[in-house]
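I have placed the structure first, in the form of C-alpha cells, so that the comments after it can refer back to it.
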Amino acid sequence: PASRELKGIVDGLKLHPAPTIFDVDQRDDAQVLIPLLYRLTGVPDLPILLVGGAPLGTLDAVRALDQDGTLRTLVERAGAEVDGASRKKKGRRA
C-alpha cells in the first residue's frame, strides 16, 4: 500500500521525463539491495523516493512535501518538468 501511494503521488505530478521506478522488494536481489539502500539513504523503510539523487525521507515526509508544494519545487529543480507528460501527450495528438 505504501508503494502504491508513493507511486500515485509521483504519477500525479505527470513528470517529463517519466521517473524511473524500481520495485526493489520484488527483485531477486532484494535481500542485498534493501539493507544497502537503508545504509546509503538513512531512510528506515521502503518505499524510498530519490529526487536529484537525494532521499526525501519517509512516506509521511513525502506526503507533507507534496501537500505544501515543496515536492513539486524539488522535482523541478532536479530537472523534471511537472505536468510535462500531459502537455507532451496533447502535443502528439495535434
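The values are calculated or read from the model by the stated rules, or taken from the named source; none is laboratory data. If you're wondering where the values come from, they're calculated on a predicted model, not measured in any experiment. When we count neighbours, we look across all protein chains shown, and the Cβ atoms used for this are built from the backbone with ideal geometry, even at glycine. With ligands, DNA and RNA removed, areas are computed over all heavy atoms of the protein, side chains included. Shrake-Rupley method; radii C 1.70, N 1.55, O 1.52, S 1.80 Å.
Roughly how tilted is helix 59-68, in degrees to the nearest 10 and between 0 and 90, from the longest Cα axis of the chain?
Between the helix axis and the principal axis of the chain, the angle is about 30 degrees.
Roughly how many Å is it from the Cα centre of the range 20-36 to that of the range 42-80, as a whole number?
The distance from the Cα centre of the range 20-36 to that of the range 42-80 comes to 19 Å.
In the chain, carbon and sulfur make up what percent of the accessible area (probe 1.4 Å)?
51 percent
Helix 30-41: angle to the longest alpha-carbon principal axis of the chain, degrees 0 to 90, nearest 10?
80 degrees
Probe of 1.4 angstrom, ligands and nucleic acids ignored: what's the accessible area per residue over the chain, in square angstrom?
Heavy-atom accessible area per residue stands at 70 Å².
Non-local amide H neighbours of Lys14 (under 5 Å, H modeled in plane, Pro and chain starts lacking H): which ones?
Distant-sequence amide H within range of Lys14: Asp83.
Taking the chain as the region of interest, what is the percent of Cα-Cα pairs per 10 angstrom bin, listed from the shortest bin to the one with the maximum distance?
15, 45, 29, 9, 1
How tilted is helix 2-12 with respect to the longest principal axis of the chain? Cα atoms for both, answer in degrees (0 to 90, nearest 10).
20 degrees
Place +1 on the Cβ of every Lys and Arg and -1 on the Cβ of every Asp and Glu in the chain, take the dipole about the Cα centre, and give the residue among Thr20, Gly84, Pro44 whose Cα lies farthest towards its positive end.
Result: Gly84.
What value, in deg cm²/dmol to 500, does the helix sum -39500 (n - 2.57) over DSSP H runs of n ≥ 4 give at 222 nm once divided by the residues of the chain?
After summing the helix terms and dividing by the residues of the chain, the value is -16000 deg cm²/dmol.
Taking 8 Å as the Cα distance limit and 6 or more residues as the minimum spacing, I'd like the relative contact order of the chain as a percentage.
Relative contact order, the chain: 38 percent.
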